[in-house]
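Bear in mind these aren't lab numbers, they're just calculated from the coordinates by the rules spelled out. All values derive from a computational prediction rather than experimental measurement. A quick note on method: Cβ atoms are made from the backbone with ideal geometry, for glycine too, and the neighbour counts reach across all protein chains shown.
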Amino acid sequence: MSLLVLVEFKARADGEATFLRVAKALAAEAATEPGTLRYQWCTTQKPGHYSIIEEYVDADAAETHNHHVEPLLRELFGVADLVSIQFFGALNKYLRDWSTGREGVTVNTPL
């Protein structure tokens, strides 16, 4: 079963140009990953807020993605705040550990 991840970020006013550059670089990197099924950035109705729809073949592919783009993710989190993240699917240990106790995280597991 695939893992669907919905994330919302708020770019800081002084970092929005960097945020957009890094978001495009992340999408380009994700396009080369065999375990990434979908990686689509969207604007929202709120100024400075952006959402991403990520879908991976499984949680291990999501973990591989995060390790692959770690420098870009660090840069992104340097100019934006995580508003929320929703996981739909089974998480592996890496993602369970990452999400435990983190504000704004919702984990939806299959029945």
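Quick notes on this one:
- Selection from the range 41-59 of residues that are more than 17 Å from ALA27 (Cα to Cα) and touching a Leu at 6+ places or on another chain (Cβ under 9 Å): ASP58, ALA59
- When residues of the range 17-30 are limited to those that are in contact (Cβ under 8 Å) with a residue 40 or more places away in the chain and within 23 Å of VAL105 (Cα to Cα), the one surrounded by the most Cβ atoms within 10 Å (Cβ to Cβ): VAL22
- Of all residues in the range 31-55, exactly one satisfies the criterion of being touching a residue at least 12 places away in the same chain (Cβ under 8 Å), farther than 20 Å from PHE88 by Cα and β-branched (Val, Ile, Thr), namely THR44.
- When residues of the range 53-111 are limited to those that are of a type in the set (Asp, Glu) and more than 25 Å from PHE19 (Cα to Cα), the one surrounded by the fewest Cβ atoms within 10 Å (Cβ to Cβ): ASP97
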